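The values are calculated or read from the model by the stated rules, or taken from the named source; none is laboratory data. The structure presented is a predicted model; accordingly, all values stated were derived computationally and were not measured. Because the Cβ atoms are built from the backbone with ideal geometry, glycine has one as well, and the counts that use them run over all protein chains shown.
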Amino acid sequence: MLYRFKERLLHIQSFALCAAPSAVNGASGRHYYVTERSPLKVSFFDGEPANHWNGMETGWRATIGLELHCQIRSGQKLFSGAPFSAHAEVNENVTPFDAAFPGTLPRLNPHCLAQALRASLALGCAISAKSAFDRKHYFYNDLPQGYQITQHFAPLAVNGKLILGDADGLKDGSRTVSIQQVQIEQDTGKSLEGDTENDVLVDLNRAGAGLIEIVTGPDMRSSTEATSFVRKMFLLLDHIGVLAEGGFEDGSLRCDVNVSVGRAEEEGSTLGTRCEVKNLNSIKSVGKAIEHEISRQISEIERGGSIVPETRGFDPFTETTVPQRNKESAREYRYIPDPDLPPVLLSEHFIARCRASLPELPDDLRLRLTQPPYSLSPYIASLLVNEPGSTDVFERLTKMLSGDAETSANWIVGPVFSHLRSDPTTKSLREKSFGVDMLAEVIKLVKDESISNLSGKYLLQRLLDKPLSNSQSVQDVARELALMQESTGDELDLLCDELFRSNQDKIDLIVNKQRHSLIGFFVGTIQQRTNRKYNPKVVDALVRKRLGVE
Amino acid sequence: MSRFEPTVNSFISKRKESDCVADVSPGGTKAVGDSAQERWEAGTPKSLLDGVPIALKDNICLHSDLPTTCASSHLRRHVSPYSATCASRVVSAGAVIVGKTNMDEFAMGSASVHGAFGKVVNPCGVGADRDGIVGEEQRVAGGSSGGSAAAVAAGMCYAALGSDTGGSVRLPASYCGIVGFKPSYGRIPRWGLVAYASSLDTVGILARTVGCAEVVYDVVKGPDGKDMSAWAGGETNGGRADVRDPGDLRGVVVGVPEEYLPAELSPATIATLSSCLTHLSRLGATIVPVSLPHTRQALSAYYVIAPAEASSNLARYDGVRYGERTVERDEDANGWYAATRTQGLGEEVKRRIMVGTYVMTESAYHSYFLHSQRYRRLVQFDFDRVFRHPNPLHGPLPQPSSSPSNPAPAKVNVLLTPTSLSPPPPLSSYPPSDPVLEYVNDVATIPASLAGLPACTVPFARARGAEWGGMPVGVQVIGQFGDEEVVLRVARAVEMGGGMDV
């Protein structure tokens, strides 16, 4: 039962939705940061790797905790059975429940539950045998029921962890970030700007979609750690298939950060007053928001002021945080257990099935790639693991290349990745029905010297842009493009004759003065004239033979 | 309908009068009735309800041109895009929906006087009752399903569906002299019943006889997959074997809880109850006194839990999607919501939302909300201790070892109690200035609601005298969770002895 509201947006009157940007005591001219680049640059994250906050130099330390909201990959919403897609038309996927029609009731989508459970297991959490749903109340135009169904009193899972190491971009040692809890909750709708300044339009497509909220302990010390954590979490959730399609730009992962600062010498004492920055929707904003908060809080304290506990927003244009509401007007969410939903009782069997459905986790995978039979370098292994879908391609390709892991990895992190970066429509190798057979064919042609390395890359590019038709083979295309290297041919002899005739001086030098480096001139010229269709080794051998030099 | 409805005011919206006479358009009442007539004549009715006029309380969604207002001016023009499970089931069974009945706004009230569409008048006071006893003044019909009760009592429909959260089916049925049956919580799916207090809301049936109620119950019961709180357990809880025949109650133990007989109980109620017990023992039943010690706290617990859930359930009527948007936009969002809700919602609803909102705040949550939930559980355990069969929701309770000085309490099949402690109040005195005076009307019906138990009120007597003025007196049969059939059989047995004057 799907009611379409496409023809009209739910039209509501507006009010001031955002706090006006006010004067913020921003970066005060002192440079607290040391800029460095993360060794990992993963294409589908927007922006540059965040700066690194170096607390040791200035005598300050920062404490950072995160709340991540991950849209659950599932064909349907959490409670309504409506389809969910980030790219639906406005108000296309809305059932009476999603629009909070009176009398409607939630019905838990078991697939979302299983997905949240898989994420919890991947984070090493303790799973609650009995969890329950609660209502969190507040009035907002994109919250149709006036409450959000979440898990406040009895979350699905608690006490997990995620360990950050050098493979995740940490320069100095590792950091264990505790996962305090994992809970399932509903997403809200979206408010859009209307025709006039005072209009707000509401799109309920997203309303009621399933989210997993992951709450960390206050365990991170720098923006680098926090951004590494978010990146790693993104990759992990994507890897296990829990994160909804799309990336930050589609809002499938959103982040709130809690930041407090204190003097370094007070390490171990109580935490400073913390501020929360809400709704960060890119890794770059997470980094920038934390950096700005740290510098703002330090300046405030150094000026003799104190930090007010408050919720702040992030302005991506000025890269500063702005106050939204302070503690005095903090919301009273009036949590109560949701009387429409019975508690979730998980059987050992169900948990075991979810556990069994998890793929090998990224850290395990990375470790395995650096060990025999692959024995890749940690750097290459990280590149592969951090690009969704590429490890699978790597393993299949290596098998087809009779175990030549190095060649396989180099082709993937080289030409395949660069193709991926250049094609904005493709986000990962998993989404692309990537032809591993085709890639293997190309590599084999290069290995048996039927085509040159350079031609191989060119050929691959062509094949990725324009897939093979059924009747074509990779060799056919290579031949069509005149990439096949030929070993013999009258053409070569004729060319040699011609070149030798017009370059008698060079031949003298080679033959009489042993200037063998000049052989390269002949080989290069022939390659150039023949469009490199001959194997350079063959050409080299021919020239040497004709000149009678070894 | 044309005779009583102008006085009784039991409907908020109804099928056009002309529909019943000449309209032969598809879906018109006449057409539906006619085709049902043909089916009956052919011997192939859809069900026992084929062609039978049924009314729906106006908080039960019906996908039709009739709005679903919940008697709130906030939902004055709300037309539901879907039908409630119970409504679809009676429609599929061939019933003709004659209209949507009046009620207290969002089912909050015990007198059907808190609605945007006027008060419901008890038809027993306007000469509509079957024995022709005419009261001297207009009385309240009871609430919140007062319109449903009045429509049935005045003969405007065969039966009606209502909702019972703390007694909203049983109290008006008792006041209007008809049968009101509230099954176990979740026996009839709540999908399409506009929520008041979700953990208590139960679809109930109002009919003139227990038999009529059973016919409707058989059509609407059973899970539908859309309500996760629906009870998917068996048809009966094992008690059925103990009560085979309403005319033969040998071996059946009827408990009378002493807490339901307070000093302020009206003499007519006591007289009714005792003649009913005499009647049941003549049929072979054993009558035993029992104690349900936490009954006293049930009312208070109810008036914390129900408002809390109401405050949550009614948050959606904020003027953005639902609710009349009477106030122009405001810079301050919360001020705008507040103004809209202040205008659109009635006094009683606002009172309960305020109470509910308060008990849910962080500072009051433990002392009020959790505390009340604890009492709710104690009320449930009280019942479990006296019933012969264990509660299928949580199995047998640990039994305290019995000793000669502390004998194990008697185990009963059903409990018999008054449905209300006093006669239907005069309409002129309602709503009372102190809302608590209205709240106490629910004292006998709330415990079964808190425990989710099936309960049925049956009219047993007419009470003479100035206080009662010929008004009917009902008695309530309460059974163990899931034991609807036992409750209905004993209710039939009660019915067999009814009709006396006290």
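Quick notes
- Among residues of region A:323-336, those that are surrounded by fewer than 19 Cβ atoms within 10 Å (Cβ to Cβ) and modelled with pLDDT of 90 or more, counted: 1
- Residues of region B:1-42 satisfying the condition of being assigned to a helix (DSSP H, G or I), charged (D, E, K, R) and modelled with pLDDT of 70 or more: B:5, B:34, B:38, B:39, B:41
- Hey, residue B:180 surrounded by fewer than 24 Cβ atoms within 10 Å (Cβ to Cβ), more than 14 Å from chain A (Cβ to nearest Cβ), among the small types (Gly, Ala, Ser) and over 27 Å from residue B:355 (Cα atoms) or not: no
- Residue match in region B:145-153 (condition: more than 14 Å from every other protein chain (Cβ to nearest Cβ) and either more than 30 Å from residue A:340 (Cβ to Cβ) or out of contact with any helix residue (DSSP H, G or I) (no Cβ under 9 Å at 6 or more places or on another chain) (or both)): yes
- Considering region A:458-474, the residues that are buried (at least 19 other Cβ atoms within 10 Å of the Cβ) and within 29 Å of the chain's Cα centre (by Cα) include one that is nearest to residue A:420 (Cα to Cα), namely A:464.
- Helices (runs of 4 or more DSSP H) fully within region A:461-550 that include at least 3 residues being of a type in the set (S, T, N, Q) and farther than 30 Å from residue A:434 by Cα: A:519-529.
Residues checked against (1) farther than 29 Å from residue B:302 by Cβ; (2) more than 20 Å from the chain's Cα centre (by Cα); (3) more than 10 Å from chain A (Cβ to nearest Cβ); (4) without any contact (Cβ under 8 Å) to a residue 12 or more places away in the chain:
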| residue | (1), (2), (3), (4) |
| --- | --- |
| B:65 | yes, yes, yes, no |
| B:68 | no, no, no, no |
| B:79 | yes, yes, yes, no |
| B:89 | no, no, yes, no |
| B:101 | no, no, yes, no |
| B:105 | no, no, yes, no |
| B:110 | no, no, yes, no |
| B:114 | no, no, yes, no |
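- Looking at B:244, B:190, just one residue is among the basic types (Lys, Arg) and away from chain A (no Cβ under 12 Å), and that residue is B:244.
- Each residue in region A:101-142 was checked for being more than 9 Å from every other protein chain (Cβ to nearest Cβ), not in a strand (DSSP E or B) and not charged (D, E, K, R), and 20 pass.
- Matching option when the condition is assigned to a loop (DSSP other than H, G, I, E, B), out of contact with any Cys (no Cβ under 7 Å at 6 or more places or on another chain) and under 17 Å from residue B:203 (Cβ atoms), among B:62, B:66: B:62
- Matching entry among A:358, A:376 (being part of a loop (DSSP other than H, G, I, E, B), over 18 Å from the mean Cα position of the chain (by Cα), away from chain B (no Cβ under 14 Å) and closer than 18 Å to residue A:123 by Cα): A:358
- Listing of strands (runs of 3 or more DSSP E) fully contained in region A:160-262 that carry 2 or more residues being crowded, with 19+ Cβ neighbours inside 10 Å and within 14 Å of chain B (Cβ to nearest Cβ): A:199-203
- Test: residue in region B:461-471 that is assigned to a helix (DSSP H, G or I) and surrounded by 18 or more Cβ atoms within 10 Å (Cβ to Cβ): no
- Applying the condition of being away from every other protein chain (no Cβ under 14 Å) and crowded, with 24+ Cβ neighbours inside 10 Å to region B:40-63 and asking which residue is farthest from residue B:1 (Cα to Cα) yields B:49.
- Some residue of region A:305-314 being in the same structural domain as residue A:131 (by the TED database), outside any loop (DSSP other than H, G, I, E, B) and under 25 Å from the mean Cα position of the chain (by Cα): yes
- Test: residue in region B:230-240 that is closer than 23 Å to residue B:107 by Cα and buried (at least 17 other Cβ atoms within 10 Å of the Cβ): yes
- Reported count of residues in region B:202-229, each being out of contact with any helix residue (DSSP H, G or I) (no Cβ under 7 Å at 6 or more places or on another chain), more than 9 Å from chain A (Cβ to nearest Cβ), without any contact (Cβ under 8 Å) to a residue 60 or more places away in the chain and not in a helix (DSSP H, G or I), is 3.
- Residues that are modelled with pLDDT under 95 and buried (at least 24 other Cβ atoms within 10 Å of the Cβ), drawn from region B:73-89: B:74, B:75
Listed here are the residues, each with its yes/no results for (1) in contact with a Phe, Trp or Tyr (Cβ under 8 Å, 6 or more places away or on another chain); (2) part of a loop (DSSP other than H, G, I, E, B).
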position	(1), (2)
B:256	no, no
B:259	no, no
B:292	yes, yes
B:298	yes, no
B:307	no, no
B:312	yes, no
B:323	yes, yes
B:340	no, no
B:348	no, no
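- Hits in region A:178-219 - residues which are under 19 Å from the mean Cα position of the chain (by Cα) and of a type in the set (A, V, I, L, M, F, W, C): A:211, A:212, A:214
- Selected residue (only one of B:226, B:182, B:221 is over 23 Å from residue B:383 (Cβ atoms) and of a type in the set (D, E, K, R)): B:226
- Residue check, residue A:434 aromatic (Phe, Trp, Tyr), surrounded by 18 or more Cβ atoms within 10 Å (Cβ to Cβ) and not in a helix (DSSP H, G or I): yes
- In region A:52-101, the residue that is modelled with the lowest pLDDT out of those that are over 25 Å from residue A:281 (Cα atoms) and of a type in the set (Ser, Thr, Tyr) is A:58.
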